[in-house]
Amino acid sequence: MHFHQILLFIIHKISGQRSENAPYYLLKGKKSGQTIQDVTYFQLHAFFSILPQLSKEDYDEAINELFKNEFIRVNESLVYITEKGIEILPSDKEPLFNGWKYRGKEQLFWKRIDLVIQTLSQFQANEKKFVPNQKDISIQHFVKDFLIQNNFREFNLNTDIKQEIFYLLENPSFDDIHRTLFVYRLSGYKTTGLTWEQLARHYHMTDLNIKIIFLECLHSMLDNISIETSPRLFNLAKDIRIDTPLTESAFKTNSLFEKGYSIEEIAKIRKLKINTIEDHVIEIVSNDKNFSISAFISKEQVEEILHLSNELETKKLTLIKQRLPEISFFQVRLALTKGEKNS
């Protein structure tokens, strides 16, 4: 997927219900209640936080280009995809991202692999003094421990890792460019991995699109690593997956819910606004379909809200609230989030 395709895919999902900046906050991984709930509302987990370094200037430039080409339109601050935009949506492939699970930590996995390959290559050439590609001391310590634990001097660790990488790169979902980028980025004895600029020139693409394709490769590889098929890489992927996707603040709130406290009590204990605790509830429900919402809304109210949302073909809170004035905005958000999570 290229950057413009990603934007169109997201805008297609939120068309007419969110502003033109909503995809930006999603791609950056903004931990606001609105963005977190949109991930679940519109089933956009794949794209959450895949471009944490994305600049607003690059984003605005891409949005303006989509607008000039009549792929999108903006009306009353809401963004819509046009029929012309729908026609160029990628329909043959599902996105290979898993942003909700990795949130940028795939780069840590890459740095570990890169330094392991470089180190093994140097030692194989009997060249033990070299300047490591990865300057991060924590990466260097992790790789050193990994190599020692795997007895790299006595066993053919090089061959094992090579075979595991080849196995993952045989993924039928990959195009040749996914495989090539992964290999070209690696460094070894008297070999330096190509820069983003070099790869962009070679493929006649932007740096950003090259990075996006590489990101797809990393996410898909991580998704397919298991201790049975890739035991060495499984160890290199330690702590890469987000086991607790809740923000730190939402996690603290959830702990208090588990002890039986109400929203009002938690707000008082934590010295936070009621709205903030409600945002935490939305985040918790987005991550845990078993979290009970019966203390906040009845089953009948949930069904009524979901029925109306389907009838109006919208997830706009104000439109639903206008038809159900006795129900709070929080309850509308809760019902929509719970409904999408369960589905």
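The values are calculated or read from the model by the stated rules, or taken from the named source; none is laboratory data. Treat the numbers as computed from the prediction; the structure is a model and nothing was measured. No Cβ is skipped: glycine too gets one built from the backbone with ideal geometry, and neighbour counts run over all protein chains shown. Heavy atoms of the whole protein, side chains included, go into the accessibility calculation; ligands, DNA and RNA do not. Shrake-Rupley method; radii C 1.70, N 1.55, O 1.52, S 1.80 Å.
What is the calculated FRET efficiency for ASP175 to LEU89, with r their C-beta to C-beta distance and R₀ = 22 Å, to the nearest 0.05? Let's see the in-between values first.
Details: r = 18 Å, r/R0 = 0.81.
Calculated transfer efficiency: 0.80.
R0 = 51 Å: FRET efficiency of PHE329 with SER226, Cβ-based, nearest 0.05? Show your work: numbers first, answer last.
Values: r = 43 Å, r/R0 = 0.84.
For PHE329 and SER226, the calculated efficiency is 0.75.
In sequence order, what are the phi-derived ³J(HN,Hα) couplings for region 202-207 according to the Karplus relation 6.51 cos²θ - 1.76 cosθ + 1.60 with θ = phi - 60°, rounded to whole Hz, with x for glycine and proline?
4, 9, 6, 10, 7, 4
To the nearest 20 Debye, how big is the dipole of region 237-299 about its Cα centre, given +1 on the beta carbon of each Lys and Arg and -1 on that of each Asp and Glu?
Working: 10 positive and 10 negative charges, 17 e Å.
Its charge dipole is roughly 80 debye.
Starting from the amide H of GLY188, placed 1.01 Å from N in the peptide plane, find each other amide H under 5 Å away whose residue is 5 or more places distant or on another chain.
GLY193
Determine, from the Cβ-Cβ distance of ASP288 and THR191 and an R0 of 45 Å, the FRET efficiency 1/(1 + (r/R0)^6), rounded to the nearest 0.05.
That gives a FRET efficiency of 0.45.
Based on alpha-carbon centroids, what's the gap between region 272-343 and region 18-93 in Å, whole number please?
23 Å
Mind grabbing the accessible area of PHE330 for me, 1.4 Å probe, Å², rounded to tens?
Spelled out: PHE330, probe radius 1.4 Å, area about 20 Å².
Simple spin-label model, 7 Å along Cα-to-Cβ: THR244 to GLU127 in nm?
4.5 nm
By the scheme Lys and Arg +1, Asp and Glu -1, what is the net charge of all other residues having a beta-carbon under 15 Å from that of PHE123?
After counting each charged neighbour, the total is +3.
Give me the net charge for the shell around GLY33: Cβ to Cβ below 12 angstrom, other residues only, Lys and Arg +1, Asp and Glu -1.
That sum, taken over residues with Cβ under 12 Å, equals 0.
Mean residue ellipticity at 222 nm from the helices of the chain, using -39,500 (n - 2.57) per DSSP H segment of n ≥ 4 over the full residue count, to the nearest 500 deg cm²/dmol?
One gets -18000 deg cm²/dmol as the mean residue ellipticity at 222 nm.
Could you please report the charge total around ARG73, scoring K, R as +1 and D, E as -1 over all other residues with beta-carbon less than 15 angstrom from its beta-carbon?
Local net charge: -3.
Reachable aspartates and glutamates from LYS56, Cα under 19 Å, same-chain residues fewer than 8 places away excluded?
GLU20, GLU65, ASP207
Order the peptides 217-229, 283-295 from the highest to the lowest mean number of other Cβ atoms within 10 Å of their residues.
Taking the mean over residues of other Cβ atoms within 10 Å, the ranking is 217-229, 283-295.
Given contacts defined as C-alpha pairs under 8 Å and at least six residues apart, what's the relative contact order of the chain, whole-number percent? Can you show the working numbers first?
Details: 368 pairs, mean separation 67.6, N = 343.
Dividing the mean separation by the residue count of the chain yields 20 percent.
With an 8 Å cut-off on Cα pairs and a minimum separation of 6 or more residues, tell me the relative contact order of region 25-149 in percent.
22 percent
Where a ≥ b ≥ c are the square roots of the eigenvalues of the C-alpha gyration tensor, would you call region 1-58 rounded, which needs a/c under 1.5, or, failing that, prolate if a/b is larger than b/c, or oblate?
rounded
Would you mind working out the magnitude of the charge dipole of the chain relative to its Cα centre, with +1 at each Lys and Arg C-beta and -1 at each Asp and Glu C-beta, to the nearest 20 Debye? Mind dumping the intermediate values first?
Working: 44 positive and 46 negative charges, 224 e Å.
I would put it at about 1080 debye.
So if each residue of separation counts as 0.36 nm, and I subtract the Cα-Cα distance between ASN21 and GLN322, what length gain in nm does that give? Before the final figure, lay out the partial values.
Numbers: separation 301, 0.36 × 301 = 108.36 nm, distance 2.48 nm.
That works out to 105.9 nm of additional length.
Apply the Karplus curve 6.51 cos²θ - 1.76 cosθ + 1.60, θ = phi - 60°, to the phi angles in region 179-194 and return the couplings in whole Hz, x for Gly and Pro.
Once θ is set to phi - 60°, the couplings for region 179-194 become 5, 5, 4, 4, 5, 5, 7, 6, 10, x, 4, 6, 9, 10, x, 5 Hz.
Pull out the extension gain between ASP136 and PHE166, defined as 0.36 nm times the separation in residues minus the alpha carbon to alpha carbon distance; nm, one decimal.
Taking 0.36 nm per residue and subtracting the Cα distance, the gain is 8.1 nm.
Too long at a 23 Å Cα-Cα cut-off: which of LYS30/LYS105; LYS238/LYS259; LYS101/LYS273; LYS211/LYS338; LYS105/LYS129; LYS252/LYS338?
LYS238/LYS259; LYS101/LYS273; LYS211/LYS338; LYS105/LYS129
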